[in-house]
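Colleague: Handing you a structure now.
FYI, it's all coordinate maths here, none of it is from the lab. If you're wondering where the values come from, they're calculated on a predicted model, not measured in any experiment. As a convention, Cβ positions derive from the backbone with ideal geometry for all residues, glycine included, and neighbour counts pool all protein chains shown.
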Amino acid sequence: MLTAVGAAESSNPLSPDTDDVRALRGLLYVHMYAAFEYAMDQSFIRVGQHVSSMSVARQHLQTPIFSLALDAEFNSLQTVNAPDKKFRKRIETMLCARDKSAASIPDTVLSKSMQSVGSGTIALAFEAYGIKKPHLYDLTAKGYIDEVVERRHAVAHGRESPIAVGVRKVLELRVRHDILYRQSMYVIECLNEFCGTKNFVLPRYRRSYPSSGGAA
């Protein structure tokens with residue numbers, strides 16, 4: 001699609017592009033973001049499925065991943081208002097973190113956050129899983145990722161028209177496309193390594209669980 005839109009651009013610097021071309025470039029932000037969001041959402045879903053499939057005892061998990069593995073318990077805390085019941089529920093939740101039942105991570109636990117996948121969202125997902133590697137393949141990627149997110153939202157939510165957003169030439173948009181692709185591949189590599197090394201399990205228990213090739 002980038003190639004097709006680029007072919008329709010004006011080759012004369014003194015002749016502005018048509019509104020149709022600018023609108024298509026604005027919609028390219030929407031398409032680029034959609035593919036990126038899908039890649040991120042599905043990648044973290046696969047990690048959750050991988051962790052769940054290993055039937056790791058909750059008491060053997062690293063601490064950060066409890067934010068995901070105890071999702072149902074944390075959600076239930078929000079429905080309790082009476083002080084005595086509230087603290088009883090908190091005690092029950094903390095005991096759940098140290099029981100022997102198999103940990104299970106819901107597929108959609110991060111999906112709501114993934115509806116606006118900027119660099120901060122990826123950082124939070126890495127933190128929730130306890131992934132120690134940098135969340136960006138390169139620090140310069142942050143500005144490009146967040147620009148695509150912001151401009152996609154501007155179009156999708158009706159704050160700006162595709163014509164207004166589509167001011168950048170396809171050559172510039174291709175740079176953003178390539179950065180989103182490299183970031184997606186980087187995240188997938190990090191998640192595969194995380195799963196393959198069983199870094200979600202406390203070190204002293206890792207030998208108790210079979211090795212695997214990763215989440216992908």
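Colleague: How much length, in nm to one decimal, is gained on full extension between Ser76 and Glu150, taken as 0.36 nm per residue of separation minus their Cα-Cα distance?
Modeller: That pair, Ser76 and Glu150, stretches by 23.3 nm at full extension.
Colleague: Of the residues Arg168, Arg206, Arg58, which exhibits the maximal mean-square fluctuation in a Gaussian network model of the chain defined by a 10 Å Cα contact cut-off?
Modeller: Arg168
Colleague: Hey, if you put +1 on the Cβ of every Lys and Arg and -1 on every Asp and Glu Cβ in the stretch 84-128, which of Val117, Leu95, Ile105 ends up farthest toward the positive end of that dipole?
Modeller: Projecting each Cα onto the dipole axis, the largest value belongs to Leu95.
Colleague: Taking 8 Å as the Cα distance limit and 6 or more residues as the minimum spacing, I'd like the relative contact order of the chain as a percentage.
Modeller: Working: 264 pairs, mean separation 77.2, N = 216.
After rounding, I find 36 percent.
Colleague: Once mean projected area of the Cα convex hull in nm² is worked out from the coordinates, which option in [x] 10.9; [y] 15.4; [z] 14.5 does it equal?
Modeller: [z]
Colleague: Further question on the same structure: Distance cut-off 28 Å, Cα to Cα: go down the list Lys112/Lys198; Lys100/Lys198; Lys142/Lys169; Lys132/Lys169; Lys112/Lys142 and report the pairs above it.
Modeller: In this structure, Lys132/Lys169 exceed 28 Å between Cα atoms.
Colleague: Helix 141-156 versus the longest principal axis of the chain: what angle, 0 to 90°, nearest 10, using Cα atoms?
Modeller: Between the helix axis and the principal axis of the chain, the angle is about 70 degrees.
Colleague: Calculate, in nm to one decimal, what Gln59 and Lys132 gain on full extension: separation in residues at 0.36 nm each, minus their alpha carbon distance.
Modeller: Stretched fully, the Gln59-Lys132 segment lengthens by 24.2 nm.
Colleague: As an exercise, use a Förster radius of 45 Å and the Cβ-Cβ distance of Lys86 and Ser15 to find the FRET efficiency, rounded to the nearest 0.05.
Modeller: 0.10
Colleague: If you find the alpha carbon centre of the stretch 1-77 and of the stretch 142-158, how far apart are they in angstrom?
Modeller: Between the Cα centres of the stretch 1-77 and the stretch 142-158 lies a distance of 12 Å.
Colleague: Quick one: Karplus J couplings for the stretch 77-92, per residue in order, coefficients 6.51, -1.76, 1.60, θ = phi - 60°, nearest Hz, x for Gly and Pro?
Modeller: Karplus-based 3J(HN,Hα) across the stretch 77-92 equals 4, 6, 9, 9, 10, 4, x, 5, 5, 4, 6, 4, 5, 5, 4, 4 Hz.
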